[in-house]
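Below: one structure, written as structure tokens.
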Amino acid sequence: MSTPRPEYGAGVGAGARTAGAGAAGAGAAGASGAGVGAGAAGAGAAGAARVNGGQLMADALRREGVTHLFGLGGGHINPTWWAAPGAGIKIVDVRHEAAAAHAAEGWSLATGDVGVCIVTAGPGLTNAVTGLANALNNGSPMVCLAGSATLRGQDTGEVEMIDQLSIAHTVTKWARRVYHIDRIPEYVAMAFKEARSGRPGPVYLEVPIDLIHSDVAASDVVWPALMAPQRQLPSPALVAQAAELLSSAARPAVVAGSGVWWSHAAAELRAFVEHIGIPLVTRQSARGTVPDDHPLCFGNDWQSVVYRADTLLVVGKQLDYFFGYGYFPHLEHLIQVDVNPVEIGRNRVPVRVGIVGDAGATLSELTGAMKPLATDEWVASLRSAASGTEAGKAALAASDEAPVHPMRVVRELQSLLRRDATVVADASNMLMWANAGISAFTGGCNPAMSNLGCIGHGVAFALAAACARPGTQVVWLVGDGSFGFNAMELDTAARFGLPITTVILNNLGWSAQWVPLGVRHYERLAPGFDGIGELVTEPSELRPALERALAFDGPSIVNVLVEPEPEYFPGRYLG
Amino acid sequence: MNASLLRQARDTLPKRLNAGILMGDGGFCILGWMLLTAGYHPITMYSNTIGVVDPATGGPAIDVVSRVYDVDRAAVVELARLNDSTPRASRRDVLRGAIDALLEGEGA
């Protein structure tokens with residue numbers, strides 16, 4: 001394959017860029033297979049041209065298909081910051097580097113592709129660490145670019161100097177520093193490959209300030225070949241074994257996890273469950289890949305299905321805390337599919353058949369290997385149990401008591417949303433209500449927290465979703481405690497014209513820890529950002545306030561005082 | 001039956017018992033409280049309505065409580081049903097009475 005490379009004019013020093021090769025390069029990403037060495041061909045006019053590090057970085061990013069860069073400016077990264085718009089990359093500058101990193105992950109959760117953030121040296125990187133750690137736990141592909149102190153000034157006490165690489169190694173799957181300016185494109189290509197490969201995850205690439213500000217003859221830069229992602233095929237013998245076990249099960253079920261999303265396998269998953277007639281639950285980034293109202297889908301209520309099943313097919317879902325560590329001794333057979341062999345049988349779970357392979361490719365093979373199953377009675381029994389649960393939820397959602405019951409908030413909200421709306425449910429106790437009352441109908445629209453346990457990151461996910469899906473509804477559903485973490489990002493939403501609706505389930509404190517915060521008028525922040533805000537204290541006020549907020553073309557806050565000690569819906573733990 | 005453990009759970013019941021969730025919004029249902037009393041960490045029950053999330057000793061909450069307290073599964077189901085069907089105001093007293101009855105039935 002040929003590998004387009006940017007062309008540079010004869011401008012000096014600043015790397016004056018004369019051709020938009022970045023856009024052409026991005027298009028090449030759709031090609032398959034690994035081209036080799038094609039990037040060495042030079043453009044005729046490039047001999048006298050010089051290009052600086054920032055320009056190389058921006059063009060390398062654009063070549064990878066990057067359109068948005070979430071970041072916060074700093075002297076150590078200025079050349080990239082300045083060059084990015086010219087390369088066709090929109091910079092979304094946030095108010096804290098934590099939000100930059102979270103937004104980069106949010107982009108990957110919303111699109112299935114690699115999100116990118118850029119942070120400056122020292123505290124820029126340390127502020128971003130939690131975002132990287134969250135992406136690592138979630139297995140979300142993202143690239144974090146950082147400036148760093150000069151190479152020459154190492155160990156001199158230079159400003160913003162800290163061993164960033166060592167920090168980054170603990171919260172990423174790959175971390176590197178660039179030592180030679182001409183290798184920036186090569187390292188960027190490596191970074192994207194690493195982020196996408198195997199179990200996806202965050203990667204880190206730093207360029208020292210003296211390097212990013214320097215320049216090089218354009219003809220000395222060798223642009224690496226681009227490589228399209230490839231699907232790892234499963235073993236046919238193992239697929240046959242899995243098909244046999246599923247076919248002989250009385251109560252088979254599928255649990256789909258994030259691996260389905262990263263494999264872009266929504267169509268394959270749906271085709272599989274419909275062909276087999278097998279019930280399904282979706283977890284984390286797989287939420288919405290098959291809509292919750294599909295006759296075979298039981299949403300995210302995995303326990304209600306898993307504890308009733310006798311044979312389970314787990315696709316792209318870690319056997320982690322969010323999945324009972326995979327400890328289900330009642331099962332006759334557990335079949336696991338994961339692109340990463342390390343995940344197979346994690347926690348000493350006795351996996352009957354472990355298939356190392358891409359989620360989409362394996363589901364396709366399984367579909368071809370199986371005949372439809374007689375699951376009507378089994379599915380009907382699950383639907384009956386789900387109906388009982390739903391009745392309990394509906395009763396709570398109909399509550400007219402004040403303070404407002406949280407189930408009423410999430411259900412009123414749900415009723416006002418379109419199917420392609422993004423709902424970012426933040427974390428902690430509030431998440432229980434979101435999980436119980438918010439449905440997923442479209443992939444990437446319900447970005448999930450990781451088992452790291454972050455709170456307050458949701459607004460950054462919402463920023464990214466609003467950038468990725470302009471014109472759709474984007475809601476940040478958050479508790480009053482978590483709201484305080486990154487609330488200033490509503491300013492970012494305002495500056496970029498992103499109509500994010502913030503709905504606060506305000507139970508007046510950190511209820512999981514019994515620490516009060518009291519009544520706070522968070523809604524009054526909105527006018528300061530040219531938005532609108534409302535306080536809701538009565539159930540009757542809720543719907544009109546939500547309608548006004550969702551209709552507003554800018555940031556809005558609905559601060560709902562909810563019952564601090566609400567009743568839950570009964571019966572699910574009876575199994 | 002582990003009468004000693006059951007008595008401990010009864011005698012330390014919190015002022016408020018939740019319905020329908022092992023642990024959340026600052027409280028526990030009867031099963032969650034029994035699990036906590038038996039030494040399970042809140043994180044194994046947090047935001048959880050059915051199962052105890054533990055890689056070695058977890059599983060459906062009913063089964064785990066039955067095993068840990070050495071109480072018939074049906075009796076545990078009855079405790080859970082009673083917990084959820086009783087109004088909050090009287091839930092604690094009703095559950096306390098139900099545990100008393102369990103202990104008396106065993107002559108404990």
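The values are calculated or read from the model by the stated rules, or taken from the named source; none is laboratory data. These figures come from a predicted structure and were not determined experimentally. Cβ atoms come from the backbone with ideal geometry, glycine included; neighbour counts cover every protein chain shown. In case anyone asks, the SASA skips ligands and DNA or RNA and just uses the protein heavy atoms, side chains included. Shrake-Rupley method; radii C 1.70, N 1.55, O 1.52, S 1.80 Å.
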- Message: Residues that are under 21 Å from A:Gly326 (Cβ atoms) and surrounded by 22 or more Cβ atoms within 10 Å (Cβ to Cβ): does the stretch B:37-44 have at least one?
- Response: yes
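I need the full set of residues from the stretch A:324-342 which are surrounded by fewer than 24 Cβ atoms within 10 Å (Cβ to Cβ) and not charged (D, E, K, R), in order please. Show your work before the answer.
The initial filter retains those residues of the stretch A:324-342 that are surrounded by fewer than 24 Cβ atoms within 10 Å (Cβ to Cβ), namely A:325, A:327-334, A:340-342.
Those that are surrounded by fewer than 24 Cβ atoms within 10 Å (Cβ to Cβ) and not charged (D, E, K, R): A:Tyr325, A:Tyr327, A:Phe328, A:Pro329, A:His330, A:Leu331, A:His333, A:Leu334, A:Asn340, A:Pro341, A:Val342.
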- Among (1) closer than 20 Å to A:Pro79 by Cβ; (2) open to solvent by less than 50 Å² (accessible area, probe 1.4 Å); (3) in a loop (DSSP other than H, G, I, E, B), which single condition is A:Leu151 missing? (2)
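Would you confirm whether any residue within the stretch A:363-379 is within 14 Å of chain B (Cβ to nearest Cβ) and open to solvent by less than 30 Å² (accessible area, probe 1.4 Å)? Walk me through how you get there before you give the answer.
Step one: of the stretch A:363-379, the residues within 14 Å of chain B (Cβ to nearest Cβ) are none.
No.
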- Task: Could you figure out which of (1) under 28 Å from A:Thr111 (Cα atoms); (2) facing chain B (nearest Cβ under 10 Å) isn't true of A:Pro295?
- Result: (2)
- Got at least one residue in the stretch A:425-436 being in contact with a Lys or Arg (Cβ under 8 Å, 6 or more places away or on another chain), at pLDDT below 95, in a helix (DSSP H, G or I) and of a type in the set (Gly, Ala, Ser)? yes
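Quick check on this structure: which one of A:Gly388, A:Gly345 is of a type outside the set (S, T, N, Q) and closer than 25 Å to A:Gly201 by Cβ?
Numbers: A:Gly388 fails: closer than 25 Å to A:Gly201 by Cβ.
Unique residue meeting the criteria: A:Gly345.
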- Which members of the stretch A:246-278 meet the condition of being over 24 Å from A:Phe461 (Cα atoms), in a helix (DSSP H, G or I) and in contact with a Ser or Thr (Cβ under 7 Å, 6 or more places away or on another chain)? A:Leu246, A:Glu268, A:Leu269, A:Ala271, A:Phe272, A:His275
- Item | Count - residues of the stretch A:279-307 that are over 16 Å from A:Ala265 (Cβ atoms) and either among the charged types (D, E, K, R) or part of a helix (DSSP H, G or I) (or both) | 8
- Query: If you scan the stretch B:6-17, which residues turn out to be more than 11 Å from the chain's Cα centre (by Cα) and either crowded, with 19+ Cβ neighbours inside 10 Å or away from every other protein chain (no Cβ under 14 Å) (or both)?
  - Reply: B:Arg7, B:Gln8, B:Asp11, B:Thr12
- Item | Criterion violated by B:Ala74 - all others in (1) of a type in the set (A, V, I, L, M); (2) more than 30 Å from A:Asn506 (Cα to Cα); (3) surrounded by fewer than 21 Cβ atoms within 10 Å (Cβ to Cβ); (4) away from every other protein chain (no Cβ under 14 Å) satisfied | (4)
- Query: Among the numbered criteria (1) over 28 Å from A:Pro516 (Cα atoms); (2) within 12 Å of the chain's Cα centre (by Cα), which single criterion is violated by B:Glu106?
  - Reply: (2)
- Message: Given the criteria farther than 30 Å from A:Gly106 by Cβ, touching a residue at least 24 places away in the same chain (Cβ under 8 Å) and touching a helix residue (DSSP H, G or I) at 6+ places or on another chain (Cβ under 7 Å), does A:Val178 qualify?
- Response: no
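Please specify each residue of the stretch A:82-105 satisfying the condition of being in a helix (DSSP H, G or I) and in contact with a strand residue (DSSP E or B) (Cβ under 7 Å, 6 or more places away or on another chain). Give the steps one after another, and end with the answer.
Residues of the stretch A:82-105 in a helix (DSSP H, G or I): A:82-83, A:85-87, A:97-105.
Hits for the stretch A:82-105 are A:Pro85, A:Gly86, A:Glu97, A:Ala100, A:Ala101, A:Ala103, A:Ala104, A:Glu105.
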- In the stretch A:46-81, residues that are in a helix (DSSP H, G or I), open to solvent by less than 10 Å² (accessible area, probe 1.4 Å) and modelled with pLDDT of 95 or more total 12
- Identify all residues within the stretch B:84-108 that are of a type in the set (Val, Ile, Thr) and either open to solvent by 50 Å² or more (accessible area, probe 1.4 Å) or away from chain A (no Cβ under 14 Å) (or both); write none if there are none. B:Val94, B:Ile99
- Message: Kindly evaluate B:Arg81 against the criterion of being at the interface with chain A (Cβ under 8 Å from one of its Cβ atoms) and either among the hydroxyl-bearing types (Ser, Thr, Tyr) or under 12 Å from the mean Cα position of the chain (by Cα) (or both).
- Response: yes
- Looking at the stretch A:293-323, which of its residues are modelled with pLDDT of 95 or more, surrounded by fewer than 19 Cβ atoms within 10 Å (Cβ to Cβ) and either closer than 25 Å to A:Thr422 by Cβ or not acidic (Asp, Glu) (or both)? A:Asp293, A:His294, A:Pro295
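Tell me whether the stretch A:386-397 contains one or more residues that are over 29 Å from A:Met430 (Cβ atoms), over 28 Å from the mean Cα position of the chain (by Cα) and free of Cβ contacts under 8 Å to residues at least 12 places away in the same chain. Lay out the reasoning, then the answer.
The initial filter retains those residues of the stretch A:386-397 that are over 29 Å from A:Met430 (Cβ atoms), namely none.
Within the stretch A:386-397, not a single residue is over 29 Å from A:Met430 (Cβ atoms), over 28 Å from the mean Cα position of the chain (by Cα) and free of Cβ contacts under 8 Å to residues at least 12 places away in the same chain.
Taking A:Pro447 as the residue in question, decide whether it is within 17 Å of A:Asn134 (Cβ to Cβ) and not aliphatic (A, V, I, L, M).
On the way: within 17 Å of A:Asn134 (Cβ to Cβ): yes; not aliphatic (A, V, I, L, M): yes.
Yes: the conditions hold for A:Pro447.
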- Message: Can you list residue pairs whose Cβ atoms sit under 7 Å apart, with the first residue in the stretch A:419-440 being free of Cβ contacts under 8 Å to residues at least 40 places away in the same chain and away from every other protein chain (no Cβ under 11 Å) and the second being part of a helix (DSSP H, G or I) and open to solvent by less than 10 Å² (accessible area, probe 1.4 Å)? Count only pairs 6 or more apart in sequence or on different chains.
- Response: A:Ile438/A:Val410
- Somewhere in the stretch A:344-360, is a residue within 14 Å of chain B (Cβ to nearest Cβ), within 26 Å of A:Met432 (Cα to Cα) and in contact (Cβ under 8 Å) with a residue 40 or more places away in the chain? no
